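Please read the structure below before turning to the comments.
The values are calculated or read from the model by the stated rules, or taken from the named source; none is laboratory data. Quick caveat, the model's predicted, so the values are computed rather than measured. We place every Cβ from the backbone using ideal geometry, glycine too, and count neighbours over all the protein chains shown. Each accessible area value is taken on the protein alone, full model and side chains, heavy atoms only, with ligands, DNA and RNA left out. Shrake-Rupley method; radii C 1.70, N 1.55, O 1.52, S 1.80 Å.
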Amino acid sequence: MSQHSEKDLDVTSCSRGLWLVKIPKYMREKWADCAGCDVGKLKITKVPGKLPTVTFTSGDSILKDSKIAREHKFILHSVKEMTLGVFSQTVPGGNPDSVVPETEKLYMEGQVIQKFECQPVVDNYYINQKRAAVKKAAQPHRKAEFIDRPVHVYRPISHHKHNVDIEQKKKAEGKKARDDKDKVMEMLYAAFEKHQYYNIKDLQKITRQPIIYLKEILKEMCDYNVKNPHKNMWELKPEYRHYKSDEKAVEDPGSD
């Protein structure tokens, strides 16, 4: 809450006595849904020499389609050692039809003179409501039923883990980033030093590059064999070959 000076606080109703009542959560929710309706009746019974008894009976608008207790009792708590006040606040712009511009104000609505706790009365109505709620909660959400005619429904499509893994792999390969061209060529040179011929699938596994990008580089530095015995395989072009020779130099025994 923002800071306010004394002149912003309206204390006209400061001497009014108020009750502070703690109500169950289900009552608060039902009262919020039935705003503007009669939520019930409060009954105060005074007996000479005893403290007054306070009971609350919920109205028909609250009990309709509801599982809350019909009767509630108010348990009194002492407020002798406490000073409690109730305040309200008006915010500018709350009434768009107002001719006079509104200003933010604070009001003291009164002082708390009684503090109560609202509790349900355990009677036959309350017990039956609780029993019905427990029975409903114990019912299964699904149950088998006999049918006298075939039901035409769409057959579910199996989506096994194996198919999911394949789809994820395809997506990953489709989104695979291209490495630098020189780096890919170095990997290809290293591969062709081990073997002279490769098919496209093996080269893709080695370089881990998109198939279209890999073919562009292969067409530049390799020849594609269309005849046996190395049909459908790639080998380096003659100008890119630098295989190590297995021949050894032998000195001419007739030389000096």
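Structure data summary
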{"read-out": "Residues of the stretch 13-38 that turn out to be touching a residue at least 40 places away in the same chain (Cβ under 8 Å) and either open to solvent by 70 Å² or more (accessible area, probe 1.4 Å) or of a type in the set (Lys, Arg) (or both), as a count", "value": "6"}
{"read-out": "Residue within the stretch 230-242 that is of a type in the set (Asp, Glu) and at pLDDT 90 or above present", "value": "yes"}
{"read-out": "Answer from 73, 41, 50, 80 - the residue that is modelled with pLDDT of 90 or more, open to solvent by 90 Å² or more (accessible area, probe 1.4 Å) and closer than 18 Å to residue 116 by Cα", "value": "41"}
{"read-out": "Cβ-Cβ under 6 Å pairs, at least 6 apart or on other chains, the stretch 182-196 side closer than 15 Å to residue 215 by Cβ, far side surrounded by 15 or more Cβ atoms within 10 Å (Cβ to Cβ) and aliphatic (A, V, I, L, M)", "value": "184/217"}
{"read-out": "Selection from the stretch 56-71 of residues that are within 38 Å of the chain's Cα centre (by Cα) and assigned to a strand (DSSP E or B)", "value": "58"}
{"read-out": "Residue 176 at pLDDT 90 or above and under 30 Å from residue 236 (Cβ atoms)", "value": "no"}
{"read-out": "Hey, residue 107 at pLDDT 80 or above, under 26 Å from residue 33 (Cβ atoms) and of a type in the set (Ser, Thr, Tyr) or not", "value": "no"}
{"read-out": "Pair list, Cβ < 6 Å and 6+ apart or interchain, from the stretch 222-242 residues that are over 16 Å from residue 190 (Cα atoms) to residues that are among the hydroxyl-bearing types (Ser, Thr, Tyr) and modelled with pLDDT of 90 or more", "value": "230/197; 233/197"}
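Yes/no per residue for (1) at pLDDT below 70; (2) open to solvent by less than 100 Å² (accessible area, probe 1.4 Å); (3) more than 30 Å from residue 231 (Cα to Cα); (4) not charged (D, E, K, R):
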{"site": "152", "(1), (2), (3), (4)": "no, no, yes, yes"}
{"site": "159", "(1), (2), (3), (4)": "yes, no, yes, yes"}
{"site": "187", "(1), (2), (3), (4)": "no, yes, no, yes"}
{"site": "190", "(1), (2), (3), (4)": "no, yes, no, yes"}
{"site": "211", "(1), (2), (3), (4)": "no, yes, no, yes"}
